[in-house]
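Here's the structure we're looking at; comments come further down.
The values are calculated or read from the model by the stated rules, or taken from the named source; none is laboratory data. Computed from a predicted structure; not experimentally measured. In this analysis, Cβ positions are derived from the backbone assuming ideal geometry, glycine residues included, and neighbour counts consider all displayed protein chains.
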Amino acid sequence: MNKPVTTPTATVFCGIDVSAATLAVAVIEQDQPFQQREFANRASGHKALIGWLAKRKAQVRVSLEATGIYSLDLALALDASDGIEVAVLNPKMVNHFAQTLRRSKTDTADAQVLAEYSRRMPFTAWQPPSLNGLRLRVVGRHIAALVAQHTREQNRLHAVAGSQAASRCVLQDLKRSLVSLQQRIVKMRRAARELIRADAQIEQRFRLLTSMPGIAETSAVQILGELVLLAPQLTVRQWVAHSGLDPVHQDSGTSVHKRSRISRCGNRHLRRALYMPALSAVRWDPHMKAFYEALQLRHKTKLQAIIAVARKLLHAIYGIFKCRTPYDGSKLFPQLILSTELQSASR
């Protein structure tokens, strides 16, 4: 449940630099120097931090960077507290802002930068995701880790079985390990489906995802789990930036012309979850296949073309979630279809 919107203007601005063990905190109050404190990044430390902020008897506006599991529990605790507004920021955006303010990079300096961000920049309050959504992300990442482990064990079994020095006990142990891993994967997939069925919105999005060519149930679970934390007001360009699939161009004058690449300044789990669906989409979706082939005609490498397809998939997912309608490739690639029709007519 979202907190009610507060009317008082924020008079205290706070920045928190989050690490695995500690929270470096900086506070700006009117006509006061920076105040700095450090708290443990665990439940008792979160409680102490909230108590310290509450002593100011004023609306507190907090900014912190999205650092995965290290920042999530803190953000949830702050959001549930009266008199505190919290924004969870993209680290890339904060870094660009910080370049105008700091010369050194320390936890203390980072906290001061975040406090200044709270004071100077437009503030967008963080909207906490549903508990089922958070659990789905945990389960989805665990499934991905188990699948990766299963692949490694299969490779080891293949290598050992092909060796003349293979030991029978090692072969049997690897086979037992593979059976156990497969059983755990099946169990986790069943748990993911139960979480999806328990939430009407997630269930609807799951059905929309699995209607897309190239996205099966396993990929849909992982993609949904990574998208669940994104605020509903984000644009599709912000989705792409969050995934780290946004292109980076390096051209300057006549001497610098480097090959474009993706930024990778985003959620690596989401990038990995989109990669296999992109490979499948260029086989089974005629629109994605035509897009992929058009990129190769423009001298893009196969990997560059697949990454572009993954980015297009993210655009498509954004569209079907927003409109709540099944995937239609002709709406995603209208210009490509028009150019294909013109080429056919000219023959």
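Summary of computed values
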quantity	calculated
Scope the stretch 125-156; condition in a loop (DSSP other than H, G, I, E, B) and within 14 Å of L227 (Cβ to Cβ); matching residues	Q127, P129, S130
Pick from the stretch 56-93, criterion of a type in the set (V, I, T) and surrounded by fewer than 20 Cβ atoms within 10 Å (Cβ to Cβ), ranking: farthest from T124 (Cα to Cα)	I69
Residue match in the stretch 71-82 (condition: touching a strand residue (DSSP E or B) at 6+ places or on another chain (Cβ under 7 Å), assigned to a strand (DSSP E or B), closer than 27 Å to G225 by Cα and without any contact (Cβ under 8 Å) to a residue 60 or more places away in the chain)	no
The one condition in (1) under 22 Å from Q233 (Cα atoms); (2) loosely packed, with under 15 Cβ neighbours inside 10 Å; (3) touching a residue at least 24 places away in the same chain (Cβ under 8 Å) that N132 fails to fulfil	(2)
Breaking point among (1) polar (S, T, N, Q); (2) touching a residue at least 60 places away in the same chain (Cβ under 8 Å); (3) closer than 21 Å to R141 by Cβ, for Q204	(3)
Filtered residues of the stretch 87-129 (kept if free of Cβ contacts under 8 Å to residues at least 40 places away in the same chain and either aromatic (F, W, Y) or touching a Cys at 6+ places or on another chain (Cβ under 7 Å) (or both))	F97
Per-region count, the stretch 279-303, residues assigned to a helix (DSSP H, G or I), without any contact (Cβ under 8 Å) to a residue 12 or more places away in the chain and either crowded, with 16+ Cβ neighbours inside 10 Å or not assigned by TED's automatic domain parsing to the domain that holds S330 (or both)	1
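For (1) more than 24 Å from the chain's Cα centre (by Cα); (2) polar (S, T, N, Q), each residue gets a yes or a no:
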position	(1), (2)
P122	no, no
W126	no, no
V138	no, no
I143	no, no
L146	no, no
C169	yes, no
Q172	yes, yes
Q182	yes, yes
I185	no, no
